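The values are calculated or read from the model by the stated rules, or taken from the named source; none is laboratory data. What you see is a predicted model, and the numbers here were worked out from it, not measured in a lab. Cβ: placed from backbone, ideal geometry, glycine included. Neighbour counts: every protein chain shown.
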Amino acid sequence: MSESRLIELKKISKVYSIETLETHALQNINLQINKGEFVSISGASGCGKSTLLSIIGLLDVASSGEYFLAGHDASSLDRDERARLRNKEIGFIFQSFNLISDLTVYENIELPLTYRTDLTDKEIKEIVLQSLETVDMISRKEHFPSQLSGGQQQRVAVARAIGGNPSMILADEPCGNLDSKNAESVMCLLEKLHAKGATICMVTHDPQSAKRADRSIELFDGQVVSDETTTERGSTETALT
Ligand SMILES: Nc1ncnc2c1ncn2[C@@H]1O[C@H](COP(=O)(O)OP(=O)(O)OP(=O)(O)O)[C@@H](O)[C@H]1O
Ligand SMILES: [Mg+2]
């Protein structure tokens with residue numbers, strides 16, 4: 001496997017079964033994502049974007065196929081190993097922010113770090129303050145989520161996602177609930193993180209946001225139907241295999 005390969009999906013399928021209804025959310029997905037790539041994922045509602053992100057982020061498991069994350073075979077990991085890898089290597093940003101309402105901004109960012117056995121209290125404090133600095137929210141650290149605007153809440157969610165210095169950021173419609181100004185500020189943050197070397201997978205329905213990634217993947221009915229790399233000149237080349 002290539003040294004720079006972070007994600008490798010081989011014939012990944014996901015079937016949800018509820019009573020007699022079977023939904024084939026993902027069908028035979030083959031996908032490789034290298035370290036440092038900024039990938040956008042788009043497609044109609046229900047085509048499997050969030051399902052794909054949950055599998056990549058070890059929040060869910062595929063029904064069949066193989067998934068290697070940084071060379072680890074995801075199916076060989078037990079629950080604790082998956083949780084540890086997820087907490088250390090992956091930062092999540094959701095459309096609905098998902099902050100904990102009775103924790104302050106500071107505590108929301110601190111919480112996932114407290115599960116890290118490799119960090120001291122002092123290091124955790126430094127990371128929280130540094131992350132808040134990055135998203136320009138230090139002045140609101142004692143506020144509760146309900147006391148913040150949507151854009152500010154999403155910036156806190158970005159701070160939480162980047163706190164543990166994950167190798168990968170998974171963002172599911174991170175600008176979906178934001179007006180254009182706040183969406184722009186979150187997109188700029190993602191671009192900055194990418195420039196610093198983070199690998200980013202971003203689900204978006206907005207073609208303008210998708211173009212800012214350096215690779216655009218489109219799903220249709222649980223399958224990859226287009227995979228294009230945006231070159232520096234802004235043109236695209238197809239990378240479907
Ligand atoms: N937990 C679940 N149980 C049963 N079916 C599910 C579950 N999660 C998703 N599905 C189904 O799987 C399919 C893919 O869902 P998914 O959430 O991945 O779509 P999506 O592309 O993210 O859509 P959207 O743009 O609306 O967020 C849908 O048909 C959905 O109804
Ligand atoms: Mg979704």
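Exactly one residue among Thr229, Thr204 is of a type outside the set (Asp, Glu), within 16 Å of ligand 1 (Cβ to nearest atom) and over 19 Å from Leu99 (Cβ atoms), and that residue is Thr204.
Taking the listed residues Ala83, Ala74, the one that is under 16 Å from the mean Cα position of the chain (by Cα), at pLDDT below 95 and more than 16 Å from ligand 2 (Cβ to nearest atom) is Ala83, with no other qualifying.
For segment 1-58, residues that are part of a loop (DSSP other than H, G, I, E, B), surrounded by fewer than 15 Cβ atoms within 10 Å (Cβ to Cβ) and of a type in the set (A, V, I, L, M, F, W, C) total 2. With respect to (1) at pLDDT 95 or above; (2) more than 16 Å from ligand 2 (Cβ to nearest atom); (3) small (Gly, Ala, Ser), the lone exception for Gly91 is condition (1). Of the residues screened, Leu113 is one that is aliphatic (A, V, I, L, M), under 21 Å from the mean Cα position of the chain (by Cα), surrounded by 17 or more Cβ atoms within 10 Å (Cβ to Cβ) and over 20 Å from Ile200 (Cβ atoms). Within the bounds of segment 171-181, is there any residue that is of a type outside the set (Phe, Trp, Tyr), within 16 Å of ligand 1 (Cβ to nearest atom), over 26 Å from Lys122 (Cα atoms) and touching a Cys at 6+ places or on another chain (Cβ under 6 Å)? Within segment 171-181, none of the residues are of a type outside the set (Phe, Trp, Tyr), within 16 Å of ligand 1 (Cβ to nearest atom), over 26 Å from Lys122 (Cα atoms) and touching a Cys at 6+ places or on another chain (Cβ under 6 Å). On the basis of being of a type in the set (Ser, Thr, Tyr), within 26 Å of Asn30 (Cα to Cα) and at pLDDT 95 or above, does Ser63 make the cut? Against the criterion (of a type in the set (Ser, Thr, Tyr), within 26 Å of Asn30 (Cα to Cα) and at pLDDT 95 or above), Ser63 qualifies.
Of all residues being of a type in the set (Ser, Thr, Tyr) and loosely packed, with under 13 Cβ neighbours inside 10 Å in segment 65-80, which is farthest from ligand 1 (Cβ to nearest atom)? Just the residue, please. Among them, the one singled out is Ser76. Are any of the residues in segment 191-198 more than 21 Å from Ser131 (Cα to Cα) and more than 16 Å from ligand 2 (Cβ to nearest atom)? Within segment 191-198, not a single residue is more than 21 Å from Ser131 (Cα to Cα) and more than 16 Å from ligand 2 (Cβ to nearest atom).
From the residues in segment 15-61 that are acidic (Asp, Glu) and touching a residue at least 12 places away in the same chain (Cβ under 8 Å), which one is farthest from ligand 1 (Cβ to nearest atom)?
Glu37
Out of curiosity, is Ser235 more than 30 Å from Glu22 (Cβ to Cβ), away from ligand 2 (no atom under 16 Å from the Cβ), at pLDDT below 95 and of a type outside the set (Val, Ile, Thr)? Criteria met by Ser235. In the set Asp214, Asp172, Asp206, only one residue is modelled with pLDDT of 90 or more, surrounded by fewer than 18 Cβ atoms within 10 Å (Cβ to Cβ), of a type outside the set (Phe, Trp, Tyr) and within 16 Å of ligand 2 (Cβ to nearest atom); that residue is Asp206.
Among the residues of segment 141-186, those identified as in contact (Cβ under 8 Å) with a residue 40 or more places away in the chain, farther than 12 Å from Phe94 by Cβ, over 13 Å from the mean Cα position of the chain (by Cα) and not in a helix (DSSP H, G or I) are Phe144, Leu148, Gly164. The set of residues from segment 60-82 being assigned to a loop (DSSP other than H, G, I, E, B) and among the charged types (D, E, K, R) comprises Asp60, Asp78.
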